[in-house]
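Heads up, the thing below is written out as structure tokens.
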Amino acid sequence: MAGNSFGEAFRFTTWGESHGPAIGCVVDGVPPRIPLAEAELQTWLDARKPGQSRFTTQRREPDAVKILSGVFEGQTTGTPVSLLIENQDQRSKDYGDIAEKFRPGHADFTYWQKYGIRDYRGGGRSSARETAMRVAAGGIARKVLDHLLPLPVSIRGALVQMGPHGIDRARWDWGQTQDNPFWCPDPVAAKDWEGFLDGVRKAGSSTGAVIEVVASGVPAGLGEPVYDKLDADLAKAMMSINAVKAVEIGAGLEAAALSGEENADEMRREGNKIIFTSNKAGGVLGGISSGQDVVVRFAVKPTSSILTPRQTVDRQGAETEIVTKGRHDPCVGIRAVPVGEAMMAIVLADHLLRHRAQCGDIAQ
């Protein structure tokens, strides 16, 4: 199986399955002499781990990360950093009934068509369990950004739509994302979502979501102008997350309805700095960061593992019905928020290292 690595100068490779003994990753390109401890990575993993509210899967995984290589006496050595998380709460028997059937909307069918074999226990390699290692790698990427840039970069994610219910941006408060189980910046919407998702969960169904990730303090100059545009790599990074079906940068699809005047992010001078009066471009112009906030949104589909009977076929091609039992997220988008943050950090760290290799340090 190809395609298990992401990045160029900062590159990580994940391995493992949902119900195997462990999952892990190897992170290469980490500069030496960066302080790094397991507890620092654990902070980000704790934000993603399952079972933290009634609104996510009740699988109980501590997601305790172990650093196996690349760190000596509390500092990175410049060699590959290897990370391991042991799986501790697998219930493979929950998937026995679907071993011969394909879940509609799931990767079951395409994995079988491609490889002629699939690990049906929790989806195997297609499971969102893999994203725990993205979050761990993202924790290292954040350390790289902090170590190499003179000013801090803030990377924050929020759930801005659940099912058909969006937030009121006039009530946006980043502090609220830490005070509700949805990473929602609108306290009124968060309260409404509780009743909505309780209904979805009790019905044995699922719903989708839209996540917005904002990186503030990104210096101008990151990204390449043609095939390796910063926004192109961000789009690939977010699109590679399980269940993601669409990605927007800045104004995104709404830009198609704007006039040239409305879409233009006008520039002015403020002291010794160039400022923009708006940010329709999402912080990226011509594939290169402009110094504004980098803004990405991505849409996550409803999880395919639901209790409602759905028509399908089995491995022999016979028509049948399927019901998926087990412990599943009624809205997988909730736990995708820290994953989106991690992928943002990884792309920025990768392009920072690539920029330094060609152009040297960035002055802020």
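Figures for the structure shown
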| quantity | calculated |
| --- | --- |
| His147-Arg310 FRET efficiency (beta carbon distance; Förster radius 45 Å; 0.05 resolution) | 0.40 |
| Share of carbon and sulfur in the accessible heavy-atom surface of region 284-357 [1.4 Å probe, %] | 49 |
| Label-point separation in nm, Ala37 to Val323, each point 7 Å along Cα→Cβ | 5.0 |
| Alpha-carbon Rg with Dmax, taken over region 78-176, Å | 19.7, 55 |
| Using alpha-carbon coordinates, inclination of helix 333-359 to the longest axis of the chain, degrees | 40 |
| Heavy atoms of Arg103 accessible to a 1.4 Å probe, total area in Å² rounded to 10 | 10 |
| For region 197-323, diffusion coefficient by Stokes-Einstein and Kirkwood Rh (Cα), 37 °C, 0.692 mPa s, µm²/s | 187 |
| Rg/Rh ratio calculated on Cα atoms of region 268-361 (Kirkwood radius) | 1.24 |
| Volume per residue of the C-alpha convex hull in the chain, rounded to whole Å³ | 150 |
| Greater than 24 Å apart at Cα, pairs in Lys66/Lys301; Lys191/Lys280; Lys114/Lys245; Lys143/Lys301 | Lys66/Lys301; Lys191/Lys280; Lys143/Lys301 |
| Extension gain (nm, one decimal) between Thr79 and Ile275, 0.36 nm per residue minus Cα-Cα | 66.6 nm |
| Diffusion coefficient, µm² s⁻¹, Stokes-Einstein with Kirkwood Rh over alpha-carbon pairs of region 119-193 at 20 °C and 1.002 mPa s | 143 |
| Share of Cα-Cα pairs in region 320-364 lying beyond 15 Å, as whole percent | 66 |
| Cα centre as origin, Lys/Arg/Asp/Glu Cβ charges: region 142-181 dipole, Debye | 140 |
| Hydrodynamic radius (Kirkwood) for region 154-267, which is based on Cα pairs only, to one decimal in Å | 16.4 |
| Inter-label distance, nm, simple model (7 Å from Cα along the C-beta direction), Glu266/Lys202 | 5.2 |
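The values are calculated or read from the model by the stated rules, or taken from the named source; none is laboratory data. Because the structure is a prediction, the values reported are computed rather than measured. Backbone-built Cβ (ideal geometry, glycine too); neighbour counts: all protein chains shown. Note: accessible area is taken over every heavy atom of the protein model, side chains too, but ligands, DNA and RNA are not part of it. Shrake-Rupley method; radii C 1.70, N 1.55, O 1.52, S 1.80 Å.
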